[in-house]
Amino acid sequence: MTRIQLLTLAASAALTALPAGAQVYSDPGVRILRAPRGRIEAGFDDDNRAAIGVSTTATGTLRDTLGLMISSVTRGGPAERAGLEEGNRLQAINSVNLRANPADIEDAELSGSLTRRLTRELAKAKPGDEVELRVYKEGRTQTVRVKTVDSDSLFRRREMVRYTREEAEDRPALGISIQSSGSRRDTLGVLIVSVGDSTPAERAGLEEGNRIAAINGVNLRVAREDAGDAYVSGAKAQRLQRELAQLKPGSDATLRIYSNGQFRDVRVKVARAGDLPRRSRSYYGGMIAPMPPMPPMPAMPAMPRVRSWPLESIHMELGPAIEDGLHEAGVQLERIGPQLDRVLRDLPAALESIRVPNVVLDVQPPRIRTVVM
């Protein structure tokens, strides 16, 4: 008999078992800066790479003719100090055009060309050099001079991803879920889609459907010119997340709230995420980019019903018991195997010897007679 064994795939354990100094990832120009407490940060080998502290994206819409959209701004970086914000458009750097040609808007191969152009121009500068930016902001174009810095300083400052549970539990939270709807209503602020029970947001009187127009004076409203642009709406929601991340649990945040047709200021006490009910922790459910509709899918065939357990439960609790049970069942089957073989061998002959009678009902009112033939 073949015994069924349960296998646990432990890729993470395999990685931790690698010998010291083993080469896990190698790419020319990329190096690991540090990895404290489970966090991994990467940088570039070019120690003199200039940066201004923004991430940009091409939205694939006619708005790209206004310039590259700033999707995120590094906290405390040169761009933020110069007043640049998420949703602004970079039209030029040192007189080099960053505005899309209307004929190239829908060309996927050219969608990243403007970002690469910006990167090339920044590569010509050294940390500490000034670059001149033409920026489209709040319906008008302005010239901004930004002093670049060493990119390594931004990578160290901008801790984008947190992996440890302890850090996730310690992060600041209000107890709301937000969303960028991509509708014209985003000109009123970021949409609150849910408010958790027993949370700072609930105690402050916030409700589902309210709009957050600003946090601590930082504007979160989409400009009228960008109304309906899902990319800009998403950038505003990310700005709210970024501003909230700079606060400390126990501190106060002032929110500009739109509700019942009017704006009002609300003070909210920031909480520690780990102290809130699990379903009441802040969540961002916005889209980074609008997706085209999916084509209709063919009907799926009927699928067998599968019951699953958490992997750790199977491995630590159910696994040995299931394996022992299957082994014992195999032993019992082997014990009665000869008897089953005889039954299966004699079954066809036994079935042949069984005569199935025909039963006829003879109906002659008022009598019914049964005849077996």
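R0 = 41 Å: FRET efficiency of residue 116 with residue 224, Cβ-based, nearest 0.05? Show your work: numbers first, answer last.
On the way: r = 31 Å, r/R0 = 0.75.
Efficiency, rounded to the nearest 0.05: 0.85.
If the chain between residue 185 and residue 347 were fully stretched, how many nm would it gain, using 0.36 nm times the residue separation less the Cα-Cα distance?
The span from residue 185 to residue 347 would gain 50.7 nm if fully extended.
Can you list the residues of region 240-275 with backbone N under 19 Å from a point 7 Å past the Cα of residue 198, pointing along Cα to Cβ?
250, 269-275
May I have the pair-distance distribution P(r) for region 56-145, computed from all Cα-Cα distances with 5 Å bins from 0 and rounded to whole percent?
3, 14, 26, 27, 19, 8, 3, 0
For region 165-284, calculate the relative contact order in percent as a whole number, restricting contacts to Cα pairs under 8 Å that are 6 or more residues apart.
38
Based only on the alpha carbon positions, what is the Kirkwood hydrodynamic radius of region 162-255, in angstrom? Please report the intermediate quantities before stating the final value.
On the way: mean 1/r = 0.0725 Å⁻¹.
Here the Kirkwood hydrodynamic radius works out to 13.8 Å.
I want to check the label-to-label distance for residue 123 and residue 142. Put each point 7 Å from Cα in the C-beta direction and report it in nm to one decimal.
Result: 3.2 nm between the two label points.
Roughly how many nanometres apart are two label points built 7 Å out from the Cα toward the Cβ at residue 262 and residue 82?
4.1
Residue 269: which lysines have alpha carbons under 20 Å from its alpha carbon, excluding same-chain residues fewer than 8 sequence positions away?
248
Bear in mind that the values in this text are calculations on the coordinates, not laboratory data. In this text, all values refer to a predicted model and were calculated from it rather than measured experimentally. A quick note on method: Cβ atoms are made from the backbone with ideal geometry, for glycine too, and the neighbour counts reach across all protein chains shown.
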